[in-house]
Amino acid sequence: MGRLGGITPFIVMEILEKAKELERRGRDIVHMEIGEPDLPPSPKVLEALKELKGANLGYTDSLGIWELREAIARYYWETYGVDISPERVIVTTGTSGGFSLIFSALFEVGEGIVFTDPGYPCYKNFARVYCLKPLTAKVEKETDYELTPEVLEEINQPFKGFLVTSPSNPLGNIYKRETLKALVEYAHQRGKIFISDEIYHGLNYSAPVHTALEFGDDVIVVNGFSKYFCMPGFRLGWVVVPQRFVKPLRLVVQNLFISPPTPSQLLALKALEDRQYLREVRETFRKRRDYLYGELKKLFDIPVEPQGAFYIWANVGRYAKSGYEFSLKLLEEVGVATTPGVDFGNNNTQSFVRFSYTSRLERLREGVRRIKLFLERLKI
Ligand SMILES: Cc1ncc(COP(=O)(O)O)c(C=O)c1O
């Protein structure tokens with residue numbers, strides 16, 4: 001099995017398979033487990049898709065089409081007032097391609113990298129594939145589920161870098177400006193690599209989002225087109241890196257990936273232009289968040305207000321021995337699919353479930369109706 005032996009499976013796959021089996025047997029399933037937007041890309045993207053016929057679809061520059069790198073740099077200026085050179089933007093095959101690139105090129109075998117628990121489960125698996133040592137920092141309600149320099153100081157093993165996700169998956173919380181600033185300063189002073197995963201930026205509803213780039217250049221920002229831009233299948237992301245990393249990273253891209261997907265790059269240019277559509281996407285998810293959070297907080301203990309992304313992290317401990325058991329029964333009995341908390345780590349995740357609002361409002365309403373029915377039955 002080699003290094004793959006260390007990779008952890010997703011428990012939610014079991015739930016998904018079960019959901020599919022039930023659907024094959026004719027059951028109607030409300031999907032609240034899915035982590036990708038159900039909305040289509042901008043109409044401008046879909047229009048341009050039809051016109052790709054005449055385009056040059058060969059390899060591009062390893063770091064991406066220059067116009068796209070410029071457009072991304074401009075996006076930072078227009079969205080955050082941050083001036084970055086397009087030279088520092090590297091277009092990647094999804095943010096997943098970005099993690100592959102950074103973990104393989106900027107870390108030595110065996111070096112430590114810190115991730116939060118709970119957190120997005122793939123990070124540690126990327127680290128394992130590239131023979132790094134994943135270390136976990138527990139994030140708690142008392143510190144608003146944020147990784148802070150103080151939490152990092154308590155890690156009693158050496159580490160070269162750390163990663164933060166804001167808005168976060170699975171919690172939906174958004175890091176405070178001061179925390180991000182403190183982390184950028186900490187990394188700079190201690191010579192650590194700070195990776196800021198900003199893939200859910202734009203999907204923020206009740207708090208502003210700040211890019212770590214606002215607080216200095218010595219940080220790696222990862223972002224992409226899979227969430228806010230509603231283009232998950234286009235497999236396109238980007239990283240913004242300090243200038244000194246551009247050359248070594250180019251070398252790795254040339255060998256591992258050659259270049260990011262060309263049709264997707266051409267279409268991403270259109271996605272960045274259509275700001276009106278992006279505003280509509282945010283509004284759609286905001287309405288869903290308001291509805292679902294309003295309903296679920298009457299039923300479960302939700303320790304952190306979901307301010308962004310499309311997830312709600314709920315404690316179901318009152319109703320079941322574990323989040324896993326709750327998810328499984330909820331699916332079998334009333335046909336609502338959710339993700340058990342244990343998929344996101346070991347730190348107090350056992351009794352949690354992640355609800356996604358990546359379905360239409362009518363479906364969320366139906367989901368809530370069924371959840372209430374399920375809880376009613378539990379009381380009997
Ligand atoms: C926090 C986070 N980062 C990164 C990704 C990977 O996204 P992609 O490779 O599609 O850009 C995901 C996907 O769910 C995610 O939740």
Review point. Within the range 262-320, which GluC sites (Glu not before Pro) sit in a loop by DSSP and count at most 12 neighbouring Cβ atoms inside 10 Å?
Key: none
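Label the range 52-274 by shape, choosing from rounded, prolate and oblate, from the square roots a ≥ b ≥ c of the eigenvalues of the Cα gyration tensor; if a/c is under 1.5 it is rounded, and otherwise prolate applies when a/b is larger than b/c, oblate when it is not. Please report the intermediate quantities before stating the final value.
Numbers: a/c = 1.79, a/b = 1.41, b/c = 1.27.
The shape class here is prolate.
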Study note, to complete from the structure: Helix 66-80 sits off the longest principal axis of the Cα atoms of the chain, rounded to the nearest 10 on a 0 to 90 degree scale, by 60
Review point. Which of the lysines could a cross-linker span from K20 if the Cα-Cα distance has to be under 16 Å and same-chain partners fewer than 8 positions apart are dropped?
Key: K329
Review point. If you plug each phi of the range 160-172 into the Karplus form 6.51 cos²θ - 1.76 cosθ + 1.60 with θ = phi - 60°, what whole-Hz ³J(HN,Hα) values come out, in order, with x for Gly and Pro?
Key: 9, x, 8, 10, 10, 10, 8, x, 9, 10, x, 7, x
Exercise for review: Could you work out the local net charge near F374, counting Lys and Arg as +1, Asp and Glu as -1, over the other residues with Cβ closer than 12 Å to its Cβ?
Suggested key: +3
Point to revise | Nonlocal amide H pairs with V114, under 5 Å, H built at 1.01 Å | key: L135, G161, F162, L163
Practice item. With a/c under 1.5 counting as rounded, go ahead and sort the range 1-158 into rounded, prolate or oblate using the C-alpha gyration tensor (a ≥ b ≥ c being the square roots of the eigenvalues; past the cut-off, prolate if a/b is larger than b/c, else oblate). Key: oblate
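Divide by every residue of the chain the summed helix terms, -39500 (n - 2.57) for each DSSP H run of at least 4, and state the resulting mean residue ellipticity at 222 nm, rounded to the nearest 500 deg cm²/dmol. Let's see the in-between values first.
Details: 12 runs with 158 residues, N = 380.
It comes out at -13000 deg cm²/dmol, rounded to the nearest 500.
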**Study point:** Computed Kirkwood radius, in angstrom, where 1/r is averaged over Cα pairs of the chain
**Key:** 21.5
Check your understanding: Using a cut-off of 26 Å between alpha-carbon atoms, which lysines can reach K181, once sequence neighbours fewer than 8 places away in the same chain are excluded?
Key -> K124, K133, K138, K141, K160, K192, K227
**Study point:** Between the range 191-258 and the range 302-328, the alpha-carbon center distance in angstrom
**Key:** 28
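Quick one: if the Förster radius is 41 Å, what FRET efficiency do E150 and S85 give, using the C-beta to C-beta distance and rounding to 0.05? Write out the running numbers ahead of the final one.
Numbers: r = 33 Å, r/R0 = 0.81.
Efficiency, from the Cβ-Cβ distance: 0.80.
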Study note, to complete from the structure: Longest principal axis of the chain (C-alpha) makes with the long axis of helix 275-299 (C-alpha) an angle, in degrees to the nearest 10, of 30
Point to revise | Label-point gap, in nm, between Q157 and E273 - each point 7 angstrom along Cα→Cβ | key: 4.9
Study note, to complete from the structure: Taking the alpha-carbon centre of each part, the distance from the range 10-85 to the range 92-133 in Å is 21
Study note, to complete from the structure: Around P170 (Cβ within 12 Å, Cβ-to-Cβ, excluding P170; K/R +1, D/E -1) the net charge comes to -2
Review point. How far is helix 361-379 tilted, in degrees, relative to the longest principal axis of the Cα atoms in the chain, given as a value from 0 to 90 rounded to the nearest 10?
Key: 40
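No value in this document is a laboratory result; all are computed from the given coordinates. All of these numbers come straight from a predicted model, not from anything done at the bench. A quick note on method: Cβ atoms are made from the backbone with ideal geometry, for glycine too, and the neighbour counts reach across all protein chains shown.
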